[in-house]
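Please read the structure below before turning to the comments.
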Amino acid sequence: MSATLADPADSRARLGFRAGLAGAVLLLAALPALNTLPADHALHVSDFIVSVTGKWICYAILALSLDLAWGYAGILSLGHGAFFALGGYAMGMHLMRLIGPRGAYGHPVLPDFMVFLGYTDLPWFWRGFEHFPYAMLMVLLVPGALALVVGFLAFRSRITGVYLSILTQAMTYALMLAFFRNDMGFGGNNGFTDFKELLGMPLGTPGARAALFYASLIALVASFLVCSALTRTKYGRVLTAIRDAESRARFLGYDTTRHKLFAFVLSAMLAGLAGALYVPQVGIINPGEFSPGNSIEAVIWVAVGGRGTLVGAVLGAFSVNALKTWLTSAAPDLWLFVLGGLFVAVTLLLPRGLIGLFGGRRKGRDA
Amino acid sequence: MPRLLVLLLLLLAPLQARGQEAFEALLPGLAGGFAQQAQTVERLGTLGDPRAAAVLRALSDGRLLKRPDGTLLLRDGERVTEFPGGAAADAAGAEPVRINNRVRAALRGALGRLSLLSPDAAERMAAAEAVFRSRAAENIPLLEAALARESVAAIRARMELALAASRLAAGQDDAKRAAISALGASSSTEARAVLLEARAGNPALGAEIEAAVAAIDRRLEIRRAAETLFQGLSLGSVLLLAALGLAVTFGVMGVINMAHGEFVMLGAYTTFVMQEALRDIPALAPWSLPLAVPAAFLVAAACGAAMERGLIRHLYGRPLETLLLTFGVGMMIQQAVRLGFGAQNREVTSPPWMQGTLELPFGVMVTQNRLWILVFSLVVLLLTVAAIRLTRFGLEMRAVTQNRRIASAMGIRTGRVDALTFAFGSGIAGIAGVALSQIDNVSPNLGTSYIIDSFMVVVFGGVGSLAGTLVGAMTLGVVNKVLEPYAGVVLAKVFVLVAIMLFIQRRPRGLFALKGRAAEQ
């Protein structure tokens, strides 16, 4: 292992790889700046490109978090969309509280939907969301806590493989049903929308768009660095060992439950962060985000890019979503065939994803 | 003997004659002044003569004409006849009998009471219902007359209730007591309301009324429990049908098929196609649903076999990839159906023998189609068990599941058995679709709503055990329906999901865990 790391060709490749990544980040970072150029300038980038790329960056963070769980810990979560949506809801609650008396009903404290549903005062779980730091804490803690409980129960009783996948799918399905209810206090099937501002910036302006774009990009780069550092530590190696042969790792004396649990909770928090950055950019959050289909789509991003590589997840998120954005306007009927076809093609023909095409070497067995 | 007969006739004749005389004597009153008309209508209504309904209806519709000499004519479209008598007549010189609001009100009441004697069962039922609601003393004789002629049990029961309620409203204390016990013997919420209403007016009968209400409450309680149980079993039977195919493909073969729900959907669409194709063949049209069962089995089985041979075969031993692959295939099937048949719901009509409700003792209402589906699901379960236990194919299937290499060495073509097993499981999904088309909307995402529940059933019941699937499906169905009144549909579902997660903590291999060597896989 250490011999390959010292291989000069390998380290050259690694250097080129890093330069490529840095270039890609710089290219992304340039987009909002190019957006400020006059519209007839050759390098002008439209508002649409900036806002859609901002969304994709959030998806990339979600893909990254899923890759940490699936690609490294072998936990194929079909419910990561739930963590994403929970983070989004936490952010949405903050944004709703910031609307203040500017709602359609003009109530000083209560959001419109609560006035509409006849609430007289704020439910207890809404308290504190007017403070940005508290809301950000909840963005991480709520998905993290859910992952902790579900993960603890599942890993402790050694639920693995497809059982775990179905369990996580049931989790997001149950949450979707619950959030569709009006009396949950989260706006029922309309969810939250009509946001006004965030940290004093009025949303929907070019400035806010650029700020959110950069915040997402920074979050993506930071998450990527954390994940790639983590997977190279001893902890990361054990995680990979658990993925490839869980019983063997357990018999060697590693506490597999705790290792997997840490990865799952961290992954859920990253997904929550992605959701929190996503909501102010699209301006709405509703229970549809919990739908099992969304979580499955995130899985296919990772699979298309190449799982267990982190870069692959990000690449997959960008490429599949670019394809989706193009196809859903060019040939909307075809999109589901293409998505379904991607599932089939990737599993049968490209088990290592796009990254595998570029000859990136991956050690270890397929999980 | 003949003498006796004559005597009887002599006795009866005046009765009959008096009834007729009274009827004919009353008729001129219909052409009189408004006050007289109203009075006549009232009296005709209580007379119990079957001809009264015809003339009163004609009066109310403006089809009753009178000649200047006072004789009456009935106009029925173009035809005009003398009344009574029925001989064809000329309408020249006759003019319609006019009525005012007071007469109209009297007509409504009289016609309502008279329909107690109508030849049409539905009309009699409605009349009994109306009389029950009005609870007037003057209805008692008419109700007694109607009861004497009534032969349909359900209408009789309704009339008895109406009679009891009328007696309770206006009668002697003895009659009231009898009425209270008659009402108390029913299991109707309306009877309960009538009793509670009467309690204020009859303080002397308080104890009897209390006892009767308590008796009704007890019966209503039993009815509610029985209906909840039935609804639970019905939901369970749907889950059983949806999960049975999964129990074969996932439970026996260990192949996870996320497109299972789409096979169910294909079965439902096959039912729709059969119905449309056989619509113009009168001999076969009523049989389209039974014929759809084998058709749906074949369609779904063919799709399953193609999918297994073409795709899944390459991924054996890699369950997570299989999961993603089959999910993608399901997505494509769904989209293909959406493009082919449209996204809207398709109408599949139930054959007449599946429509309507069945009334069991205590007034427990059971919808026929759900009862059929319950029976059907058990039959499908038994056939599946028989196929696995008793046939050559089942034997080979079990052999391959238990030890693929030895089975292969014994000359079993394992690849063929894999394809057949998968086709078999998919075919059962198709059959489930036929049943679901009767109670659910036939739309492209029909299967999506069942897939998670079906997996829960299989995991809860124990992977690889058909008995577990049966018990799991029925338990989940009943628990869901028992919780629903307290927690609402959605929370009940959430609660069940959480309960299963916790249950798996205690018994990770489900209710009916495989023991011994098979469990080690």
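The values are calculated or read from the model by the stated rules, or taken from the named source; none is laboratory data. Bear in mind that the values here come from a model prediction, so they are computed numbers and not experimental data. When we count neighbours, we look across all protein chains shown, and the Cβ atoms used for this are built from the backbone with ideal geometry, even at glycine.
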Inset, instruction - Could you identify the single residue in B:311, B:358, B:320 that is in contact with a helix residue (DSSP H, G or I) (Cβ under 8 Å, 6 or more places away or on another chain) and modelled with pLDDT of 85 or more? - result: B:311
Legend entry - residue A:319 in contact with a helix residue (DSSP H, G or I) (Cβ under 7 Å, 6 or more places away or on another chain), over 29 Å from residue B:308 (Cα atoms), of a type in the set (Gly, Ala, Ser) and more than 9 Å from every other protein chain (Cβ to nearest Cβ): yes
Legend entry - Residue ID - farthest from the chain's Cα centre (by Cα), chosen from residues in the stretch B:385-431 that are on the phi < 0 side of the Ramachandran plot and in a loop (DSSP other than H, G, I, E, B): B:410
Inset, instruction - Might you let me know whether the stretch B:181-200 holds any residue that is aliphatic (A, V, I, L, M), under 18 Å from residue B:125 (Cβ atoms) and free of Cβ contacts under 8 Å to residues at least 12 places away in the same chain? - result: no
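In the stretch B:332-357, which residues are facing chain A (nearest Cβ under 10 Å) and in contact with a Phe, Trp or Tyr (Cβ under 7 Å, 6 or more places away or on another chain)?
Answer for the stretch B:332-357, where residues must be facing chain A (nearest Cβ under 10 Å) and in contact with a Phe, Trp or Tyr (Cβ under 7 Å, 6 or more places away or on another chain): B:332, B:335.
Can you tell which of A:298, A:331 is more than 21 Å from the chain's Cα centre (by Cα), within 14 Å of chain B (Cβ to nearest Cβ) and among the small types (Gly, Ala, Ser)? Don't jump to the end; show me each part of the working.
Numbers: A:298 fails: more than 21 Å from the chain's Cα centre (by Cα).
So the residue among A:298, A:331 that is more than 21 Å from the chain's Cα centre (by Cα), within 14 Å of chain B (Cβ to nearest Cβ) and among the small types (Gly, Ala, Ser) is A:331.
Just to check your reading of the model, which residue among A:159, A:166, A:218, A:242 is touching a Lys or Arg at 6+ places or on another chain (Cβ under 9 Å) and on the phi < 0 side of the Ramachandran plot?
A:242
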Inset, instruction - Please state which one of B:490, B:458, B:463 is under 14 Å from residue B:244 (Cβ atoms), in a helix (DSSP H, G or I) and within 14 Å of chain A (Cβ to nearest Cβ). - result: B:458
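Residue by residue, here is whether (1) in contact with a helix residue (DSSP H, G or I) (Cβ under 6 Å, 6 or more places away or on another chain); (2) basic (Lys, Arg); (3) modelled with pLDDT of 90 or more; (4) at negative phi holds:
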site	(1), (2), (3), (4)
B:255	yes, no, no, yes
B:267	yes, no, yes, yes
B:277	no, no, no, yes
B:283	no, no, no, yes
B:296	yes, no, yes, yes
B:301	yes, no, yes, yes
Legend entry - Cβ-Cβ under 8 Å pairs, at least 6 apart or on other chains, the stretch A:68-86 side within 25 Å of residue A:279 (Cα to Cα), far side surrounded by fewer than 24 Cβ atoms within 10 Å (Cβ to Cβ) and among the hydroxyl-bearing types (Ser, Thr, Tyr): A:68/A:231; A:81/A:291
Legend entry - Residues satisfying the stated conditions in the stretch B:325-364, i.e. under 28 Å from the mean Cα position of the chain (by Cα) and either part of a helix (DSSP H, G or I) or not assigned by TED's automatic domain parsing to the domain that holds residue B:276 (or both): B:352, B:353, B:354, B:361, B:362, B:363
Inset, instruction - State all residues of the stretch B:270-286 that are surrounded by fewer than 24 Cβ atoms within 10 Å (Cβ to Cβ) and in contact (Cβ under 8 Å) with a residue 40 or more places away in the chain; if no residue qualifies, say none. - result: B:272, B:275, B:286
Inset, instruction - Restrict the check to the stretch A:264-278 and report whether at least one residue is in contact (Cβ under 8 Å) with a residue 60 or more places away in the chain, within 18 Å of the chain's Cα centre (by Cα) and within 14 Å of chain B (Cβ to nearest Cβ). - result: no
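Identify all residues within the stretch B:300-324 that are closer than 16 Å to residue B:336 by Cβ and under 42 Å from the mean Cα position of the chain (by Cα); write none if there are none.
B:300, B:302, B:303, B:304, B:306, B:307, listed by residue number.
Which residues, counting only those in the stretch A:149-158, are more than 7 Å from chain B (Cβ to nearest Cβ) and surrounded by fewer than 19 Cβ atoms within 10 Å (Cβ to Cβ)?
Answer for the stretch A:149-158, where residues must be more than 7 Å from chain B (Cβ to nearest Cβ) and surrounded by fewer than 19 Cβ atoms within 10 Å (Cβ to Cβ): A:149, A:152, A:156.
So for the stretch B:324-340 (the condition being touching a strand residue (DSSP E or B) at 6+ places or on another chain (Cβ under 8 Å) and among the basic types (Lys, Arg)), does at least one residue qualify?
No, every residue in the stretch B:324-340 fails to be touching a strand residue (DSSP E or B) at 6+ places or on another chain (Cβ under 8 Å) and among the basic types (Lys, Arg).
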Legend entry - Residues located in the stretch A:159-198, provided they are part of a loop (DSSP other than H, G, I, E, B), within 12 Å of another protein chain (Cβ to nearest Cβ) and in contact (Cβ under 8 Å) with a residue 60 or more places away in the chain: A:160, A:180
Inset, instruction - Determine, yes or no, whether residue A:312 is touching an Asp or Glu at 6+ places or on another chain (Cβ under 8 Å), farther than 30 Å from residue A:182 by Cα and not in a helix (DSSP H, G or I). - result: no
Inset, instruction - Keeping to the stretch A:136-149, report how many residues are under 25 Å from residue B:459 (Cβ atoms) and in contact (Cβ under 8 Å) with a residue 40 or more places away in the chain. - result: 4
Inset, instruction - Test residue A:345 against the stated conditions and say whether it is surrounded by 21 or more Cβ atoms within 10 Å (Cβ to Cβ), over 14 Å from the mean Cα position of the chain (by Cα) and at the interface with another protein chain (Cβ under 9 Å from one of its Cβ atoms). - result: no
Inset, instruction - Being under 18 Å from residue A:177 (Cβ atoms) and small (Gly, Ala, Ser) is the filter here, so list the residues in the stretch B:440-479 that pass it. - result: B:447, B:449, B:454, B:477
